[in-house]
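Nothing in this text is a laboratory measurement; each read-out follows from the coordinates by a stated rule. Please read these numbers as outputs of a predicted model, since none were measured by experiment. Cβ placement follows ideal geometry from the backbone for every residue including glycine, while neighbour counts extend to all protein chains displayed.
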């Protein structure tokens, strides 16, 4: 298979050629990485129809830990899948002291019960929960520890399947009837979604996506009974069927930061860009920047500020190509009035 054909297949599966619903995106792509909320919104925007995105599309979504121990937006019904028994991220820790040792397990449990009692009357914001704990005697110093974004009480309650975080308002609510999936069954389902939703992918791609060792990945692949295809000398694996009809790649695609297109493939071998531009996209501090694809190849990064989009090309662009990017930027983001190019 030629690489251009592979690109068309993958881009179609990812929702960049034909729109997907939010349920399809979540079920086929293991959700959308969402530690940067604005990037996640763009991740959904670029895959959904204008009509769907203008509606109440996020009501069924949560924003919490998932694959690789990172925040993802995914369906509330899939919480037991991603917070499965025996996972190696966000392990149940409500019975442990805070990570900095400032709050004992007993005191942490006390405030955990207080929060659960408060949420019994309805969803509440982080600030509202802080105020409830303050009134119960929580000091300012201990508040920073108890409500630490990564190791605090909220993460602990989520890790136990007691509460969840809404995606839209980022309020918290009680999670009822949490029955986590079995480890083997969950890992295979998550892997199946990866090989089906992003494949054909290489073994190196899968190791990069899951941050897992080769033996574990190969074990999943064997159990899933994957199919293979040679793409310009590289063996790639997939689940399900491939649509191999003629598909035109859109001339311009705006892609979110931390998008699956940048995380599902080994970054040093990602066919969508020349590896010499890797530091233009992946920073040394762990940020994965929003990018622009031109005729199937990444050529620039971008950012949105108020009503303007700023584009920084890392390849030389012709006037016609610049014009295409300007038109697509204004069309894609309705609030945008101007697209500006930086050096």
Two-site FRET efficiency, residue 318 against residue 235, from Cβ-Cβ distance with R₀ of 35 Å, rounded to 0.05: 0.45
Rounded to the nearest 0.05, what FRET efficiency do residue 126 and residue 59 give with R0 = 22 Å and r taken as the Cβ-Cβ distance? Could you check? 0.65
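How much length is gained on full extension from residue 106 to residue 52, taking 0.36 nm per residue of separation minus their Cα-Cα distance? Let's see the in-between values first.
Values: separation 54, 0.36 × 54 = 19.44 nm, distance 4.65 nm.
Stretched fully, the residue 106-residue 52 segment lengthens by 14.8 nm.
Please give the per residue volume of the convex hull enclosing the alpha carbon atoms of segment 23-116, rounded to a whole number of Å³.
Convex hull volume per residue, Cα atoms: 129 Å³.
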Tell me the angle of helix 214-224 to the major Cα principal axis of the chain, expressed in degrees between 0 and 90 and rounded to the nearest ten. 80
So if each residue of separation counts as 0.36 nm, and I subtract the Cα-Cα distance between residue 303 and residue 330, what length gain in nm does that give? 8.4 nm
What is the Cα centroid distance between segment 190-269 and segment 80-94, reported in whole angstrom? 25
Quick one: angle between helix 105-119 and the longest Cα principal axis of the chain, in degrees between 0 and 90, rounded to 10, please. 80
Principal axes of segment 144-294: Cα extent on each, largest first, Å: 52, 37, 29
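Take the Cα atoms of segment 299-339, build their convex hull, and give its volume per residue in Å³.
Values: hull volume 2.2 nm³, N = 41.
Output value, Cα hull per residue: 54 Å³.
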Of the listed values [x] 5, 22, 25, 20, 13, 8, 5, 2, 0; [y] 5, 21, 26, 22, 16, 8, 1; [z] 5, 23, 30, 24, 14, 4, 0, grab the one calculated as P(r) over Cα pairs in 10 Å bins from 0, in percent from the structure here. [z]
Computed label-point distance, nm, for sites residue 267 and residue 183 using a 7 Å Cα→Cβ extension: 2.9
Which three extents, in angstrom, do the Cα atoms of segment 67-223 have along their principal axes, listed largest first? 54, 31, 23
Helix 126-135 versus the longest principal axis of the chain: what angle, 0 to 90°, nearest 10, using Cα atoms? 10
Mind listing the Cα extents of segment 165-209 along all three principal axes, in Å, largest one first? 40, 26, 16
If r is the Cβ-Cβ distance from residue 149 to residue 278 and R0 is 25 Å, what FRET efficiency results, to the nearest 0.05? 0.30
Once normalised by the length of the chain, the mean sequence separation of its alpha carbon contacts under 8 Å that are 6 or more apart gives a contact order in percent of 17
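Summing -39500 (n - 2.57) over the DSSP H runs of n ≥ 4 in the chain and dividing by its residue number, what mean residue ellipticity at 222 nm do you reach, to the nearest 500 deg cm²/dmol? Please list the in-between numbers first.
Numbers: 15 runs with 132 residues, N = 343.
It lands at -11000 deg cm²/dmol.
Given just the C-alpha atoms of segment 59-156, how large is their convex hull per residue in cubic angstrom?
Details: hull volume 10.7 nm³, N = 98.
Considering the Cα atoms of segment 59-156, their hull volume per residue is 109 Å³.
How big, in percent, is the set of alpha carbon pairs in segment 235-343 lying more than 20 Å apart? Kindly include the intermediate steps, with their values, before the conclusion.
On the way: 2589 of 5886 pairs.
That tail contains 44 percent of the Cα-Cα pairs.
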